[in-house]
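The values are calculated or read from the model by the stated rules, or taken from the named source; none is laboratory data. Nothing here was measured: the structure is a model prediction, and the numbers come from that model. Every residue, glycine as well, gets a Cβ built from its backbone with ideal geometry; the counts of neighbours run over all protein chains shown.
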Amino acid sequence: MKITDAKVFVGGPAKNYVTLKIMTDQGVYGLGDATLNNRETLPAAYLRDYLIPNLIGMDPRNSEDIWQFFYRGAYFRRGPIAMAAYGAIDMALWDIKGKLAGMPLYQLFGGKSRDGALVYAHATGADLEDLMDSIAYYVEQGYKAVRVQCGIPGMPTASYAVPEEKGHTRNYITDYTGIRPKVEIWDTDRYRRYMPEALARIRERFGPDLKILHDVHHRLTPREAAEFAKAVEPVGLFWLEDPTPAEDQDALRLLRQHSTVPVAIGEVFNSIWDCNKLIENELIDFIRVAVTYAGGITHVKRIVDLAGLHHVRTGFHGAPSHSPLGMAAQAHLNAWAPNFGIQEYLVLGTPECDALFPSEHNMRNGMMYVSDAPGLGVDFDEGEAGRYEYKPASHPVVRLEDGTMWNY
Ligand code: CS2
Ligand code: MG
């Protein structure tokens, strides 16, 4: 069996999805996702210029050898751009494998460990009252877990994932449009003084059963993170996410010495080497990688298995920028993984998105139910794709009040 061609599409309704389609001499094709939010054209170029010319003629069933060929053959290894490009190829080859076997991918991994996979929504608000309305909305929608982010009184601009004005509390998505990033101004002291009490009031309002998650989004130093984690411990969070930048994997030791709050880290990681010490030293409770830019299913399964040895559960990234293809790969891993934790779920779910990516995966009552169709269980409508093109987009950047660059 041979790969005969491959195409890359960049664009989509509201987001620049990067979609790979690999064709074979037996007519079976595979789909993969290389969407790297904020830098979408780069994995697309890596695929078109370097990877696809080498893919032609390879046997699509040899997905492990192909992964090793591109990973080891690059010489300059890892990085989100390369790992997103390999991730798309790997996803597409698993899709082909599932179609050849006539099985949904979770069957090839070892079958189902659960029917529905718990998901969480993003509640947000310009202030705490607004956020409470947002949480109430998602609870009414049947979500059992909600991430909570709110505006901080006195903060010079809106903070991460928080609207400027009140009322944008449902399916709010940060605006990344334009290649010149917007600038957020951040004051850690205001955040540290306000947020623990806000989280306590949310717990008091919604009771003990609601799973409450909060994303610090890399904003604190290790010492500040330890102090903050200690302050929020009584709230009983489901997890505290990205409390401090985790390139310095040892930095989490200080937090662990001061708090038992569950810690979730990993969405910015792109390989097992970014997180193996966090996992092996049990410095985190949830690993947050995304299948797309952590090298695809083959590499992320290795991370999940390592995590399973150390009581670490999965909490795959699933932000609005995630393509339904990447989310489908995660849905199959969520159904299989014995150490599944929770899935972030913000696929746009608009009619345009559903038309571009026809799929039988579905989410209801706060649970995701994986498709039983062979392979990934998502298709791609090239006619619909012709309606979209790349639109320059960039994350905001963050500065402190004195102008110092900080972490978005
Ligand atoms: C966030 C992301 O979903 C999350 O947990 O951290 O939305 C993140 O801000 C974006 O993926 C950045 O592109
Ligand atoms: Mg996050």
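Overview of values
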{"quantity": "Residue satisfying all of: in the range 181-216; under 24 Å from Leu118 (Cβ atoms) and within 16 Å of ligand 1 (Cβ to nearest atom); nearest to the chain's Cα centre (by Cα) among these", "calculated": "Asp215"}
{"quantity": "Subset of the range 284-306 that is within 16 Å of ligand 2 (Cβ to nearest atom) and among the hydroxyl-bearing types (Ser, Thr, Tyr) - its residue that is surrounded by the most Cβ atoms within 10 Å (Cβ to Cβ)", "calculated": "Thr292"}
{"quantity": "Residues satisfying the stated conditions in the range 365-387, i.e. of a type in the set (A, V, I, L, M) and either over 29 Å from Ala335 (Cα atoms) or over 20 Å from the mean Cα position of the chain (by Cα) (or both)", "calculated": "Ala373, Ala385"}
{"quantity": "Selection count where residues are within 16 Å of ligand 1 (Cβ to nearest atom), aliphatic (A, V, I, L, M) and either closer than 21 Å to Ile265 by Cα or not assigned by TED's automatic domain parsing to the domain that holds Leu118 (or both), scope the range 332-355", "calculated": "3"}
{"quantity": "Tally, over the range 147-180, of residues that are under 21 Å from the mean Cα position of the chain (by Cα) and in a loop (DSSP other than H, G, I, E, B)", "calculated": "13"}
{"quantity": "Unique residue being in contact (Cβ under 8 Å) with a residue 60 or more places away in the chain, within 15 Å of ligand 2 (Cβ to nearest atom) and not hydroxyl-bearing (Ser, Thr, Tyr) when the list is Asp187, Asp215", "calculated": "Asp215"}
{"quantity": "Of all residues in the range 76-107 being charged (D, E, K, R) and outside any loop (DSSP other than H, G, I, E, B), the one that is nearest to Leu376 (Cα to Cα)", "calculated": "Asp95"}
{"quantity": "Test: residue in the range 160-179 that is within 19 Å of Glu233 (Cα to Cα), of a type in the set (Phe, Trp, Tyr) and surrounded by 13 or more Cβ atoms within 10 Å (Cβ to Cβ)", "calculated": "no"}
{"quantity": "Within the range 312-333, tally of residues that are in contact with a Gly (Cβ under 7 Å, 6 or more places away or on another chain) and surrounded by 24 or more Cβ atoms within 10 Å (Cβ to Cβ)", "calculated": "6"}
{"quantity": "Top-ranked residue in the range 244-268 [being under 10 Å from Leu278 (Cβ atoms) and within 16 Å of ligand 2 (Cβ to nearest atom); ranked as modelled with the lowest pLDDT]", "calculated": "Ala246"}
{"quantity": "Criterion (within 16 Å of ligand 1 (Cβ to nearest atom), closer than 19 Å to His214 by Cβ, in contact (Cβ under 8 Å) with a residue 60 or more places away in the chain and among the small types (Gly, Ala, Ser)) met by exactly one of Ala123, Ala161, Ala145", "calculated": "Ala145"}
{"quantity": "Residue check for Leu309: of a type in the set (A, V, I, L, M), surrounded by fewer than 20 Cβ atoms within 10 Å (Cβ to Cβ) and more than 16 Å from ligand 1 (Cβ to nearest atom)", "calculated": "yes"}
{"quantity": "Arg114 modelled with pLDDT of 95 or more, part of a loop (DSSP other than H, G, I, E, B) and in the same structural domain as Tyr143 (by TED's automatic domain parsing)", "calculated": "yes"}
{"quantity": "Top-ranked residue of the range 1-46 - restricted to ones that are more than 16 Å from ligand 1 (Cβ to nearest atom) and polar (S, T, N, Q), ranked as nearest to Tyr408 (Cα to Cα)", "calculated": "Thr19"}
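So that you can scan it fast, the table gives a plain yes or no per residue for (1) more than 16 Å from ligand 2 (Cβ to nearest atom); (2) surrounded by 22 or more Cβ atoms within 10 Å (Cβ to Cβ); (3) under 21 Å from Pro80 (Cβ atoms):
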{"site": "Thr4", "(1), (2), (3)": "yes, no, no"}
{"site": "Val8", "(1), (2), (3)": "yes, no, yes"}
{"site": "Tyr17", "(1), (2), (3)": "yes, yes, yes"}
{"site": "Lys21", "(1), (2), (3)": "yes, no, no"}
{"site": "Asp33", "(1), (2), (3)": "yes, yes, yes"}
{"site": "Leu42", "(1), (2), (3)": "yes, no, yes"}
{"site": "Ile52", "(1), (2), (3)": "yes, no, yes"}
